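S.K.: Following this message is one structure expressed as structure tokens.
The values are calculated or read from the model by the stated rules, or taken from the named source; none is laboratory data. Since we're looking at a predicted model, the values are computed, not measured. Using ideal geometry, Cβ is built from the backbone for each residue, glycine included, and neighbour counts are taken over all protein chains shown. Remember, those area values only see protein heavy atoms, side chains included, never the ligands or the DNA or RNA. Shrake-Rupley method; radii C 1.70, N 1.55, O 1.52, S 1.80 Å.
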Amino acid sequence: MPLPDYLSQTMSFLLEQGLPEEPEAAVILGSGLGEFAETISHSTRITYDDIPYFPATSIEGHSGELIFGEISGKQVMAFSGRFHHYEGHNFEMTALPVYLAKSAGSKKLIISNAVGGINTRYCVGDLMFIDSVMRLNHGSSPFHSKPFRYNLEVYARKAGELAAEIGLKAQCGSYMFAKGPNYETKAEIRAFRIMGADAVGMSTVPELIEASRLNMKTVAISLITNMAAGIVRGKLDHSEVKKAADSRKEDFARLVTHLIEHL
Ligand code: HPA
């Protein structure tokens, strides 16, 4: 079974609402990066609460939204708000946006997230294309015994070239999946660093596993919103995520638009 059955009802509802068929790209917007949706023209917004089979989210302040419309004359769909495993969703549910993007026939998938930087050459505000993932920390769910067919490196490299074309410097690196919801301990980050992780976050890996299984052209962009525990002095503070995201939101929007056009 390539896709969960219940999706056909969700998809019929969304098509009735005007969801484009075979959009150029689907974009999943990570913490603090939701403002990208403001750049979508002729847009329709549907709150997750109103979409059949969408689970309730515990996102502060609002329930998340699916937005569709146009970027540079191309049809796109964007998920503002995602489902995290640490909120109590099973791993399949955390990949729901990927299943919908595939069902809609999206040609590209652009996943974004906020991460803590582990690589000491990285700085807060850096963008990183994920070229490999580490999933040592996910418990024993059968979901993770699914094979991971890597196509990330190819697209990460291509995305790096496209970023350079518009004058943006981006890293390419490996993403360590952490279960959360709390930030990691300094000792965990020390271990992750020795293992070769460049950044750590609490999402994206289930989405990438499914995107690779479904053979989707996918690029994953991480924004370093803070240095991970113990990498630099000082306490971690969740307000850093918003601050870093705000400082790069224009570049992020330019980058995603360029990827939609040229990936
Ligand atoms: N750890 C895990 N997830 C994160 C972090 C972090 O330091 N920063 C943003 N998301």
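S.K.: Restricting to the range 223-263, count the residues that are within 12 Å of the ligand (Cβ to nearest atom) and among the β-branched types (Val, Ile, Thr).
M.R.: Looking only at that region, the number is 5.
S.K.: Suppose we filter the range 4-56 for residues that are charged (D, E, K, R), crowded, with 17+ Cβ neighbours inside 10 Å and farther than 18 Å from Gln75 by Cα; how many remain?
M.R.: 0
S.K.: Tell me the residue from Gly116, Gly105 that is more than 27 Å from Glu21 (Cα to Cα) and of a type outside the set (Lys, Arg), please.
M.R.: The match here is Gly116.
S.K.: Among the residues of the range 9-60, which ones are within 16 Å of the ligand (Cβ to nearest atom) and either of a type in the set (Lys, Arg) or in contact with a Pro (Cβ under 6 Å, 6 or more places away or on another chain) (or both)?
M.R.: Hit for the range 9-60 is Ile28, nothing else.
S.K.: Being at pLDDT below 90 and not in a loop (DSSP other than H, G, I, E, B) is the filter here, so list the residues in the range 223-242 that pass it.
M.R.: Scanning the range 223-242 gives Ser239, Glu240, Val241, Lys242.
S.K.: Then there is this: Would you tally the residues in the range 131-147 being within 16 Å of the ligand (Cβ to nearest atom) and of a type in the set (D, E, K, R)?
M.R.: The qualifying residues number 1.
S.K.: Separate question: Any idea which residue in the range 223-234 is nearest to Gly30 (Cα to Cα), counting only those that are surrounded by fewer than 24 Cβ atoms within 10 Å (Cβ to Cβ) and of a type in the set (A, V, I, L, M, F, W, C)?
M.R.: Met227
Rundown of residues vs (1) within 16 Å of the ligand (Cβ to nearest atom); (2) surrounded by fewer than 20 Cβ atoms within 10 Å (Cβ to Cβ); (3) part of a loop (DSSP other than H, G, I, E, B), yes/no style:
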| position | (1), (2), (3) |
| --- | --- |
| Ala114 | yes, no, no |
| Arg121 | no, yes, yes |
| Phe129 | no, no, no |
| Val154 | no, yes, no |
| Tyr183 | yes, yes, yes |
| Ile221 | yes, no, no |
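S.K.: Name the residues in the range 71-112 that are assigned to a strand (DSSP E or B) and in contact (Cβ under 8 Å) with a residue 60 or more places away in the chain, would you?
M.R.: Within the range 71-112, Ile71, Lys74, Val76, Lys108, Leu109, Ile110, Ile111, Ser112 qualify.
S.K.: Could I ask something else about it? For Ala164, work out the one condition from (1) open to solvent by 70 Å² or more (accessible area, probe 1.4 Å); (2) without any contact (Cβ under 8 Å) to a residue 40 or more places away in the chain; (3) under 27 Å from His258 (Cβ atoms) it doesn't fulfil.
M.R.: (1)
S.K.: Restricting to the range 185-202, name every residue that is open to solvent by less than 10 Å² (accessible area, probe 1.4 Å) and within 9 Å of the ligand (Cβ to nearest atom).
M.R.: Correct list: Ile189, Ala199, Val200, Gly201.
S.K.: I'm checking my understanding of the structure. Among residues of the range 167-181 that are open to solvent by 40 Å² or more (accessible area, probe 1.4 Å) and over 17 Å from the mean Cα position of the chain (by Cα), which one is farthest from the ligand (Cβ to nearest atom)?
M.R.: Gly167
S.K.: Now for a different question. Quick check: anything in the range 41-60 at pLDDT 95 or above and basic (Lys, Arg)?
M.R.: Yes, the range 41-60 contains a residue that is at pLDDT 95 or above and basic (Lys, Arg).
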